[in-house]
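Structure record follows, encoded as structure tokens.
Just so it is clear, none of the values below were taken in a lab; they were calculated from the coordinates. On a predicted model such as this, the values are computed, not experimentally measured, just so you know. Don't worry about glycine lacking a Cβ; one is built from the backbone with ideal geometry, like all the others, and counts go over all protein chains shown.
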Amino acid sequence: MGREHEPDTVWRAQELYCADRLPMREVAGICGVAESTLWRWAEKYGWADKREEIARAQAEIRADFVLGRSAILKAFLTDKDPMQGFAVAKLEELA
């Protein structure tokens, strides 16, 4: 039987691979887990699908953020509403 790993190690590896999109080689180095073990976990827990789903969601969030900034800026330029101007300024700080 193989070595037992803490659940936190599995979660951290999943986060690094799926959310941070690091290559498995880097995840192995950071987590101190063999790549072969990570690939087994990836298969067992469906990391490939999660990684794709997260990447798609992150791309949609970025696109929505840009489109939202554009819409608020256009509304401000048309209406000159001070509240919209404040919203534009705050969004630009985030960008």
Inset, instruction - Would you list which lysines come within 24 Å of residue 74, measuring only between C-alpha atoms, while excluding same-chain residues fewer than 8 positions from it? - result: 90
Legend entry - Extension gain, residue 6 back to residue 40 (0.36 nm per residue minus Cα-Cα distance, nm): 10.7 nm
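Compute the Cα gyration tensor for the range 38-83, then decide on rounded, prolate or oblate, letting a ≥ b ≥ c be the square roots of its eigenvalues: rounded whenever a/c is under 1.5, prolate when a/b is larger than b/c in the other cases, and oblate in all that remain.
prolate
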Inset, instruction - Report the charge-dipole magnitude of the chain in Debye, nearest 20, computed about the Cα centre from +1 at each Lys and Arg Cβ and -1 at each Asp and Glu Cβ. - result: 160
Legend entry - Estimated [θ] at 222 nm from DSSP helical runs (n ≥ 4, -39500 (n - 2.57)) normalised by residues in the chain, nearest 500: -25000 deg cm²/dmol
Inset, instruction - Take the Cα coordinates of the range 16-63, assign each an equal point scatterer, and use the Debye formula without solvent to give log10 I(q)/I(0) at q = 0.30 Å⁻¹. - result: -1.08
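Packing-wise, with mean Cβ within 10 Å as the measure, how do 45-51, 16-22 rank, highest first?
Numbers: 45-51: 14.6, 16-22: 16.9.
So the order, starting with the most tightly packed, is 16-22, 45-51.
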